[in-house]
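What follows is one structure encoded as structure tokens, with my remarks underneath.
The values are calculated or read from the model by the stated rules, or taken from the named source; none is laboratory data. Given the structure is predicted, the values throughout are model-derived calculations rather than measurements. Neighbour counts are summed over all protein chains in view; Cβ atoms, including those assigned to glycine, are modelled from backbone coordinates with ideal geometry. Please note that ligands, DNA and RNA were not included when accessible areas were found on the heavy atoms of the full protein model with its side chains. Shrake-Rupley method; radii C 1.70, N 1.55, O 1.52, S 1.80 Å.
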Amino acid sequence: MRFAISIPQIFDDGEFDPDAFRAYVRRIEELGFHSGWTQEQALRINRMPQLSALETMTYAAAATERLRLGCSVFVSTLHSPVHLAQAVSSLDQMSRGRVEVGLGSGGPGRAFAAFGIDPEGYISRFTEGLEVMRRLWSEPSVTFDGRFWQLSDARAAARPFQKPGPPVWFGGGHPKALRRAARLADGFFGAGSSTTAAFADQVALLRTELAAAGRDATFGIAKRVYIAIDENPDRARQRIAASLEKLYGTPKLADVAVTGTVSDCVRGIQEVIDAGAELLLFTPLFDDREHLERIAAEVIPQLSGDTPGTAGPA
């Protein structure tokens, strides 16, 4: 088992404290977590302001030495793959190979027009963009004649420290997305908005597809888990429900979170592990520092694996 935790990004205007942020990510590293993860949201679709994922990862990289850093996920259909490949390569070089890359298509409801993008063929745009990125990361020059992008003897301005490139995780829960992950990704990241039961079904399909492709030994499976620890279980549930409503804009997601006493949370997290998670991304939505300490000291020691970063990098 490997254990990760989210990196704080939700700050109101002027609220970000550089010293506190640096201390927080250094504490994640001191506690031995495998990695710290961000989320990407370019436009606010909820009531929570959120800092940019890549810039937050970069700040965290400068404050740490060993902690791996990821985004789950970049909505890569909204990016130029050339620019995103360059940005990721640069951060991977500056962090000495500590970057993990989560990618998602964004789904048909994404505000593509705000980014000057036609939603038609967005899945093709997603897979084509991934190919462009990986080839720029690994090949000395790239000639590519695609539907959306064309390159002729193009040479990446920067290539990743990790060879042939950083690990690529896919999000998405639809069966087609899971099959795509089994074909193209290095790992799958279960969404925090999905239940443990839904995640177990996703893992079962993934394993079938991976076995057929002969890839099951090298493929990573992760799950984001929203968590609220409180000796008062009702208060924990109420607080996480309010936070999730702000985050997703719906009051119906409290059941996806793991909440309650430490014992309650250990049981809930163990169910996620039993469903197939090999990397757990703990995501508290309030009292970040208190949750960080309690997860490391009280929750993880009771789970499969006795230290936060039991296994090595993904």
Name the long-range amide H neighbours of GLY190: under 5 Å, sequence gap of 5 or more, or other chain; modelled H, no Pro or chain starts.
ALA222, LYS223, ARG224
Evaluate the charge dipole of the chain about its Cα centre and quote only its size in Debye, nearest 20, assuming +1 on the Cβ of each Lys and Arg and -1 on the Cβ of each Asp and Glu.
760 debye
On a 0 to 90° scale, report how tilted helix 175-184 is relative to the longest principal axis of the chain, with both axes built from alpha carbons and the result rounded to the nearest 10.
60 degrees
Accessible-area value, GLU120, 1.4 Å probe, nucleic acids and ligands omitted, Å²
120 Å²
Under 5 Å between amide H atoms, partner at least 5 residues away or on a different chain: which partners does GLN41 have, H built in plane at 1.01 Å?
ALA53
Accessible area per residue, 1.4 Å probe, Å², for the stretch 2-166: what's the number?
46 Å²
Tell me, what ³J(HN,Hα) does each residue in the stretch 70-78 have, in order and in whole Hz, if you take phi through Karplus 6.51 cos²θ - 1.76 cosθ + 1.60 with θ = phi - 60° and put x for Gly and Pro?
x, 10, 10, 9, 6, 7, 5, 5, 8
On Cα atoms only, tilt of 122-138 relative to the major axis of the chain in degrees
80 degrees
Sequence-distant or interchain residues sharing an amide H contact under 5 Å with ALA154, placed H: which?
VAL142, THR143
Summing +1 per Lys or Arg and -1 per Asp or Glu among the other residues with Cβ less than 15 Å from LEU205's Cβ gives +4
Taking the 0 to 90 degree range and rounding to the nearest ten, how far is the long axis of helix 53-63 tilted relative to the main principal axis of the chain, both from C-alpha atoms?
70 degrees
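Suppose the chain between ASP255 and ALA213 were pulled fully straight at 0.36 nm per residue; how much longer would it get relative to their current alpha carbon spacing?
Value of the extension gain: 11.7 nm.
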Whole-Hz Karplus couplings 3J(HN,Hα) for the stretch 216-229, θ = phi - 60° and coefficients 6.51, -1.76, 1.60, Gly and Pro as x, run 4, 6, 10, 9, x, 10, 10, 8, 7, 10, 6, 9, 9, 9
At 222 nm, what helix-only mean residue ellipticity would the chain give, in deg cm²/dmol to the nearest 500, using -39500 (n - 2.57) for each DSSP H run of four or more?
-12000 deg cm²/dmol
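Roughly speaking, to the nearest percent, how much of the stretch 240-285's 1.4 Å accessible area is carbon and sulfur?
Numbers: 780 of 1710 Å².
The value for the stretch 240-285 is 45 percent carbon and sulfur by accessible area.
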About the Cα centre of the stretch 56-167, how large is the charge dipole given +1 on each Lys and Arg Cβ and -1 on each Asp and Glu Cβ? Please answer in debye to the nearest 20.
400 debye
